[in-house]
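A short write-up of the structure that comes next.
The values are calculated or read from the model by the stated rules, or taken from the named source; none is laboratory data. Since the structure is predicted, the reported quantities are computational estimates derived from the model, not experimental observations. Here Cβ is always computed from backbone atoms with ideal geometry, including for glycine, and neighbour counts include all displayed protein chains.
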Amino acid sequence: MIIAVDFDGTIVEHKYPEIGKPIPFAIDTLKMLANERHTLLLWTVREGRLLQEAIDYCAAQGLTFYAHNANFPEENRNSGARKLTADLFIDDRNFGGLPDWGIIYQAIKKRRMLNLRFNEENLMGEGQQTPKKASWKNLFR
């Protein structure tokens with residue numbers, strides 16, 4: 001599986017442009033996935049010196065990525081849009097936020113995507129009532 005992974009807020013706490021504290025189990029989980037022959041791509045807003053700092057940080061922890069902000073190392077980013085062909089994106093900005101790294105690992109290992117359930121109760125603010133559903137009968141009164 002090709003897995004694109006964000007850096008700030010996903011591997012380390014979000015302190016951009018600084019490098020935040022490590023998020024527990026992120027590096028270990030990613031190293032396990034790499035050892036299981038998943039292809040890891042670092043997909044981050046960082047570029048230039050800031051990107052190199054993130055690459056060096058991960059390398060110092062024993063984590064290397066197949067490519068950085070690209071599908072493959074030799075990709076010419078000047079010739080087209082930055083569109084990844086990843087099977088999965090791990091990012092703290094996902095709808096629903098970043099799950100625990102243990103949950104992420106199990107979902108990938110078992111090849112099951114997380115079943116996030118959002119219902120009206122969870123989305124409504126405290127003290128607000130769920131709007132009543134319209135019925136076809138009410139349209140013809």
In this structure, is Lys31 within 22 Å of Tyr105 (Cβ to Cβ) and either of a type outside the set (Gly, Ala, Ser) or out of contact with any His (no Cβ under 8 Å at 6 or more places or on another chain) (or both)?
yes
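For the structure I just gave you, tell me whether Phe72 is part of a loop (DSSP other than H, G, I, E, B) and either touching a helix residue (DSSP H, G or I) at 6+ places or on another chain (Cβ under 8 Å) or at positive phi (or both). Let's see the steps before the verdict.
On the way: part of a loop (DSSP other than H, G, I, E, B): yes; either touching a helix residue (DSSP H, G or I) at 6+ places or on another chain (Cβ under 8 Å) or at positive phi (or both): no.
No.
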So which of Gln52, Gln61 ends up being polar (S, T, N, Q) and out of contact with any helix residue (DSSP H, G or I) (no Cβ under 9 Å at 6 or more places or on another chain)?
Gln52
Tell me, which residue of segment 79-97 that is at pLDDT 90 or above and among the aliphatic types (A, V, I, L, M) is surrounded by the fewest Cβ atoms within 10 Å (Cβ to Cβ)?
Leu88
Residue under question is Leu63, and the condition is that it be at pLDDT 95 or above, surrounded by 12 or more Cβ atoms within 10 Å (Cβ to Cβ) and outside any helix (DSSP H, G or I); does it hold?
yes
Could you please give the count of residues in segment 35-66 that are within 16 Å of the chain's Cα centre (by Cα) and of a type in the set (Gly, Ala, Ser)?
1
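Scan Val12, Val5 and give me the residue that is at pLDDT 95 or above, surrounded by 15 or more Cβ atoms within 10 Å (Cβ to Cβ) and within 10 Å of Leu63 (Cβ to Cβ). Reasoning before the result, please.
Details: Val12 fails: within 10 Å of Leu63 (Cβ to Cβ).
Within the list Val12, Val5, the selection yields Val5.
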Failed criterion for Arg37 (all others in (1) assigned to a loop (DSSP other than H, G, I, E, B); (2) touching an Asp or Glu at 6+ places or on another chain (Cβ under 9 Å) hold)
(2)
Write out, first by first residue and then by second, each pair whose Cβ atoms fall under 8 Å of each other, whose residues are 6+ apart or on separate chains, and whose first residue, in segment 53-69, is under 20 Å from Glu36 (Cα atoms) and touching a residue at least 12 places away in the same chain (Cβ under 8 Å) while the second is surrounded by fewer than 15 Cβ atoms within 10 Å (Cβ to Cβ) and among the aromatic types (Phe, Trp, Tyr).
Tyr66/Phe72
Test: residue in segment 24-35 that is closer than 12 Å to Val5 by Cα and at pLDDT below 95:
no
Does at least one position in segment 18-31 carry a residue that is in contact with a strand residue (DSSP E or B) (Cβ under 6 Å, 6 or more places away or on another chain), over 17 Å from Tyr66 (Cβ atoms) and not in a loop (DSSP other than H, G, I, E, B)?
yes
Output the number of the condition that Glu18 fails; it satisfies all remaining conditions of (1) among the charged types (D, E, K, R); (2) free of Cβ contacts under 8 Å to residues at least 40 places away in the same chain; (3) buried (at least 20 other Cβ atoms within 10 Å of the Cβ).
(3)
